[in-house]
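> Right, I'll just put the structure down here and ask away after.
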Amino acid sequence: MTRESWQTRIGFILAAVGSAVGLGNLWRFPWMTSDNGGAAFLLVYLGVVLLVGVPGLLAEFVIGRRSRRNPVGALSDLSESSAWSAFGHVFVVTAVILLSFYSVVGGWILRYFAGSFTGAYFAAPGAYFESINYGVEAVGFHLLFLGVTALIVLRGVRRGIERATKLMMPAIVVLLLALAAWGVTLDGASEGVAFYLAPDIAFLQANFLNILPAAAGQALFTLSLGAGTMLTYASYLGEDRSLAADGTAIAVLNTFVGVLAGVVVFPILFALGVGAGGGGPGALFVSLASAFAALPYGQVVGVVFFGVVVLAALSSSISMLEIPVSFLVDEYGLSRRAAVGGLTGVFAVTGAVCALDQGVFGFVAGTLVDLLLTGGLVGFMLFAGWVLGADAVTELQGGSGPLARSLATPWLYAVGVFIPVFLIFTFVSGLADAAGVAVGPLSLLGVTLGPTRILLVVTAVVAVVSFLGLRRSRSVL
Ligand code: TRP
């Protein structure tokens with residue numbers, strides 16, 4: 001079977017950026033930042049994007065381009081092991097979980113889009129969000145969003161949405177810049193700027209272990225990592241492309257949009273008196289709604305803005321639906337129509353559950369997604385490090401410039417050993433914390449170790465041991 005490939009380098013980058021830039025940047029990022037201490041979260045998040053996100057993105061790219069398959073096919077073909085093939089099926093579950101709540105938020109966006117024409121949310125932005133977020137009507141808008149997503153995927157991904165992405169990206173950036181310039185001039189906005197951009201180091205130290213899992217989960221979510229999306233996109237990529245250069249460009253563009261969204265949201269929220277930690281999943285909606293209510297021609301601005309966000313959300317949601325669809329088509333020989341239809345039926349129900357209950361929604365969209373994506377990406381990284389080994393280095397070097405070539409081997413150790421160990425311990429301690437189990441303090445040889453130090457020490461020990469193991473294993477030359 002010959003596979004299609006992307007016509008142009010920019011076509012691939014746009015599709016990958018289209019998947020990456022979405023509600024994760026515009027909606028989830030302000031929510032997570034608001035819940036986790038503002039600037040302290042931003043700092044940790046940027047660190048994780050650089051040290052975990054970019055190497056992780058390259059792991060998915062390498063596996064995808066090497067195998068030219070969907071995630072399940074890729075893992076089983078390249079490893080010839082039934083355990084890896086079984087693990088590949090996790091991504092189908094992840095995609096189902098992702099689109100379930102994503103579609104609910106997509107529904108909120110559609111609702112705000114429609115409401116912008118009449119100014120429905122102008123009078124009471126906070127109360128309006130509370131009145132539409134969960135319930136039967138939210139189910140209706142979720143189904144609408146899901147239906148549009150399904151139609152696009154049914155017609156084939158390349159037409160339409162690729163073109164829309166080209167317009168959408170600059171439009172989002174221009175609108176966000178304009179809104180940011182306006183927002184920072186509001187009374188009380190400076191406190192919001194400080195909350196978002198001036199990290200409180202004492203707070204960071206005291207809460208590091210709580211911030212870390214949330215920051216890691218957000219970094220993976222916003223880069224569309226850990227679910228096989230980027231793997232699938234890279235499976236259409238020619239050998240002459242530099243994975244490292246493309247990956248870096250995608251990460252930079254995507255991070256820029258998220259950080260900019262924060263510059264818009266926090267000054268406005270603080271000017272409204274909502275303040276630190278009060279944003280929650282409504283942070284984006286409440287702040288923008290009140291901005292548009294106050295602006296001249298607010299209805300027009302609202303229509304344009306939410307219209308563009310709908311496009312951004314769709315270019316991401318189609319990438320979520322595309323994974324299980326291509327899996328069912330490739331591996332089980334289903335027709336595209338049957339696969340889209342069946343899956344949409346499943347999403348309709350799972351999404352409705354999220355749309356009806358705030359508790360379910362918060363858990364699924366927060367903790368559960370963080371866990372699944374982290375577990376998924378750890379799997380991909382270990383696969384690149386231990387199953388592909390030297391082949392992964394070759395694949396990464398193919399089409400790359402001298403810098404990426406020389407960094408390829410250190411990269412392999414990072415994704416094969418250090419980053420997975422770090423992520424696993426991050427999550428174990430995060431879970432222990434959530435379950436109320438205290439980690440440490442521990443006294444060792446007269447030195448008292450707090451939880452952060454215990455994490456670091458254990459991580460270092462495990463990393464060194466597996467580093468030696470990877471060097472000795474035959475897969476790496
Ligand atoms: N990254 C997208 C966003 O920020 C969401 C997304 C699309 C995604 N595909 C994904 C997240 C795959 C995780 C995995 O809106």
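The values are calculated or read from the model by the stated rules, or taken from the named source; none is laboratory data. What you see is a predicted model, and the numbers here were worked out from it, not measured in a lab. Here Cβ is always computed from backbone atoms with ideal geometry, including for glycine, and neighbour counts include all displayed protein chains. In case anyone asks, the SASA skips ligands and DNA or RNA and just uses the protein heavy atoms, side chains included. Shrake-Rupley method; radii C 1.70, N 1.55, O 1.52, S 1.80 Å.
> Which condition number does Val428 fail, the rest of (1) at pLDDT 75 or above; (2) more than 14 Å from Leu212 (Cβ to Cβ); (3) open to solvent by 30 Å² or more (accessible area, probe 1.4 Å) being met?
(2)
> I've got another one for you. For the range 393-414, which positions are touching a residue at least 40 places away in the same chain (Cβ under 8 Å), surrounded by fewer than 19 Cβ atoms within 10 Å (Cβ to Cβ) and of a type in the set (D, E, K, R)?
Selection gives nothing.
> Go through (1) β-branched (Val, Ile, Thr); (2) within 16 Å of the ligand (Cβ to nearest atom); (3) at pLDDT 95 or above and name the single condition Val21 misses.
(3)
> For the range 115-124, which positions are in a helix (DSSP H, G or I) and open to solvent by 50 Å² or more (accessible area, probe 1.4 Å)?
Phe117, Thr118
> In addition: Identify, please: which residue in the range 8-18 is more than 16 Å from the ligand (Cβ to nearest atom) and either in contact (Cβ under 8 Å) with a residue 40 or more places away in the chain or assigned to a helix (DSSP H, G or I) (or both) and is, among those, nearest to Ser317 (Cα to Cα)?
Looking at residues that are more than 16 Å from the ligand (Cβ to nearest atom) and either in contact (Cβ under 8 Å) with a residue 40 or more places away in the chain or assigned to a helix (DSSP H, G or I) (or both), I get Gly11.
> Now for a separate question. Out of the residues in the range 214-259 that are within 10 Å of the ligand (Cβ to nearest atom) and assigned to a loop (DSSP other than H, G, I, E, B), state the one that is farthest from Ala404 (Cα to Cα).
The qualifying residue farthest from Ala404 (Cα to Cα) is Ala227.
> Let me ask something else. On the basis of being more than 28 Å from Ser81 (Cβ to Cβ), of a type in the set (Ser, Thr, Tyr) and in contact (Cβ under 8 Å) with a residue 60 or more places away in the chain, does Thr374 make the cut?
No.
> Suppose the filter is over 22 Å from the mean Cα position of the chain (by Cα), crowded, with 23+ Cβ neighbours inside 10 Å, over 15 Å from Leu57 (Cα atoms) and at pLDDT 90 or above; does Leu388 pass it?
Yes.
> Counting just the residues of the range 311-337 that are in contact (Cβ under 8 Å) with a residue 24 or more places away in the chain and open to solvent by 20 Å² or more (accessible area, probe 1.4 Å), which one comes out farthest from the ligand (Cβ to nearest atom)?
Among those that are in contact (Cβ under 8 Å) with a residue 24 or more places away in the chain and open to solvent by 20 Å² or more (accessible area, probe 1.4 Å), it is Arg337.
> Looking only at the range 175-192, decide whether some residue is modelled with pLDDT under 95, within 16 Å of the ligand (Cβ to nearest atom) and surrounded by 15 or more Cβ atoms within 10 Å (Cβ to Cβ).
Yes, some residue in the range 175-192 is modelled with pLDDT under 95, within 16 Å of the ligand (Cβ to nearest atom) and surrounded by 15 or more Cβ atoms within 10 Å (Cβ to Cβ).
> Among the numbered criteria (1) more than 19 Å from Met230 (Cα to Cα); (2) crowded, with 17+ Cβ neighbours inside 10 Å; (3) hydroxyl-bearing (Ser, Thr, Tyr), which one does Thr374 miss?
(1)
Condition check ((1) outside any helix (DSSP H, G or I); (2) among the polar types (S, T, N, Q); (3) out of contact with any Asp or Glu (no Cβ under 9 Å at 6 or more places or on another chain)) across all residues:
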{"site": "Gly399", "(1), (2), (3)": "yes, no, no"}
{"site": "Thr409", "(1), (2), (3)": "no, yes, yes"}
{"site": "Ser429", "(1), (2), (3)": "no, yes, yes"}
{"site": "Gly436", "(1), (2), (3)": "yes, no, yes"}
{"site": "Ile454", "(1), (2), (3)": "no, no, yes"}
{"site": "Val458", "(1), (2), (3)": "no, no, yes"}
{"site": "Gly469", "(1), (2), (3)": "no, no, yes"}
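> Ok, one more. Name the residues in the range 49-64 that are surrounded by 24 or more Cβ atoms within 10 Å (Cβ to Cβ) and within 18 Å of Leu382 (Cβ to Cβ), would you?
Answer for the range 49-64, where residues must be surrounded by 24 or more Cβ atoms within 10 Å (Cβ to Cβ) and within 18 Å of Leu382 (Cβ to Cβ): Val52, Gly53, Gly56, Leu57, Leu58, Ala59, Glu60, Phe61, Val62, Ile63, Gly64.
> Output the number of residues of the range 17-37 satisfying the condition of being surrounded by fewer than 24 Cβ atoms within 10 Å (Cβ to Cβ) and in contact with a Phe, Trp or Tyr (Cβ under 6 Å, 6 or more places away or on another chain).
Within the range 17-37, residues that are surrounded by fewer than 24 Cβ atoms within 10 Å (Cβ to Cβ) and in contact with a Phe, Trp or Tyr (Cβ under 6 Å, 6 or more places away or on another chain) number 1.
> Ala202 versus (1) in contact (Cβ under 8 Å) with a residue 24 or more places away in the chain; (2) in a helix (DSSP H, G or I): which is the lone unmet condition?
The single condition Ala202 does not satisfy is (1).
> Continuing with the same structure: Only one of Leu46, Leu14 is under 14 Å from Asn254 (Cα atoms), open to solvent by 10 Å² or more (accessible area, probe 1.4 Å), at pLDDT below 90 and in contact with a Ser or Thr (Cβ under 9 Å, 6 or more places away or on another chain). Can you tell me which?
Selected residue: Leu14, the only one of Leu46, Leu14 that is under 14 Å from Asn254 (Cα atoms), open to solvent by 10 Å² or more (accessible area, probe 1.4 Å), at pLDDT below 90 and in contact with a Ser or Thr (Cβ under 9 Å, 6 or more places away or on another chain).
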